[in-house]
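The values are calculated or read from the model by the stated rules, or taken from the named source; none is laboratory data. Given the structure is predicted, the values throughout are model-derived calculations rather than measurements. Don't worry about glycine lacking a Cβ; one is built from the backbone with ideal geometry, like all the others, and counts go over all protein chains shown.
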Amino acid sequence: MAQASDSALTGTVVDTFDGGGYTYIQLDTGTETKWTAIGQAPVTVGEQVSLKPGPVMRDFHSRTLDRTFPEIIFSSGLIGADEAAASTSFGGALQGEGMGMMSPMAGLEQASGGSATAVAPLQEVAIEKVEGENGYTIEEIFTQAADLSGKKVKIRGKAVKVSANIMGKNWIHLQDGTGNPANNSHDLVITSADMPETNSIIVIEGVIATDKDFGAGYKYNVILEEAVVSN
């Protein structure tokens, strides 16, 4: 599971470029230099900026740029001076919402599926949307979650992580190249009796549930349940 940066980052832009829908920023904080990425935005070298916290990805390879970043923070965006001054610990905010608890149940991620902690690191994939009236991309699932709750949907994607027999279910993390890692809408958590191979491309059909709480700090804004896997 990816860690999250603890607080807002403020510094001077020493390098920046766009790629794959993101703006990459090398930020000099005065004590260290960090690579960050945000949704594409106008940023110039020499500019003083403040960035919101976000998940920290290690050894992240961008196929668009053909470059590996030893460490990069996927910030949820630029913030103004007033917001930067008022920013508190990101980890503290999670604790305040009851989402930062640790659990001994290995393999199951906490506060996942579009909430504050990334479920699985972003993989750069580009997978064609499944056909049919109930076919959706992962980004569409998160965007339309309220309307889709309780309905059966079908998705094609890559099973980037698979955990067997946790609470009587197999847990699958699916990515299709859509969504935003800054708010974790790039990764959909799925429960199923089926067990696909890790990194396999699959079509999966199940029922959308929202605001699902399994207890022990495991909360999912969006999750796909009762899923059936096919190739």
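Among the residues that make up the range 170-177, is at least one of them part of a loop (DSSP other than H, G, I, E, B) and surrounded by fewer than 17 Cβ atoms within 10 Å (Cβ to Cβ)?
Scanning the range 170-177 turns up no residue that is part of a loop (DSSP other than H, G, I, E, B) and surrounded by fewer than 17 Cβ atoms within 10 Å (Cβ to Cβ).
Quick one: in the range 37-60, which of the residues that are in a strand (DSSP E or B) and aliphatic (A, V, I, L, M) is surrounded by the fewest Cβ atoms within 10 Å (Cβ to Cβ)?
Among those residues, the one meeting the criterion is VAL56.
Which ones in the range 212-229 are surrounded by fewer than 14 Cβ atoms within 10 Å (Cβ to Cβ) and at pLDDT 90 or above?
Within the range 212-229, just VAL228 meets the criteria.
Can you find even one residue in the range 169-187 that is touching a Leu at 6+ places or on another chain (Cβ under 9 Å), touching a residue at least 12 places away in the same chain (Cβ under 8 Å) and more than 23 Å from GLU124 (Cβ to Cβ)?
No, because not a single residue in the range 169-187 is touching a Leu at 6+ places or on another chain (Cβ under 9 Å), touching a residue at least 12 places away in the same chain (Cβ under 8 Å) and more than 23 Å from GLU124 (Cβ to Cβ).
Name every residue in the range 140-157 that is buried (at least 19 other Cβ atoms within 10 Å of the Cβ) and over 12 Å from the mean Cα position of the chain (by Cα), in order of residue number.
Selection gives ILE141, ALA145, LEU148, VAL153, LYS154, ILE155, ARG156, GLY157.
With the condition kept exactly as written, say whether any residue in the range 92-109 is within 17 Å of the chain's Cα centre (by Cα), at pLDDT below 75, of a type in the set (Gly, Ala, Ser) and surrounded by fewer than 21 Cβ atoms within 10 Å (Cβ to Cβ).
yes
If I ask for residues that are surrounded by 12 or more Cβ atoms within 10 Å (Cβ to Cβ), modelled with pLDDT of 90 or more and under 15 Å from SER75 (Cβ atoms), which ones from the range 11-32 would you list?
Those that are surrounded by 12 or more Cβ atoms within 10 Å (Cβ to Cβ), modelled with pLDDT of 90 or more and under 15 Å from SER75 (Cβ atoms): GLY11, VAL13, THR16, TYR24, ILE25, GLN26, LEU27.
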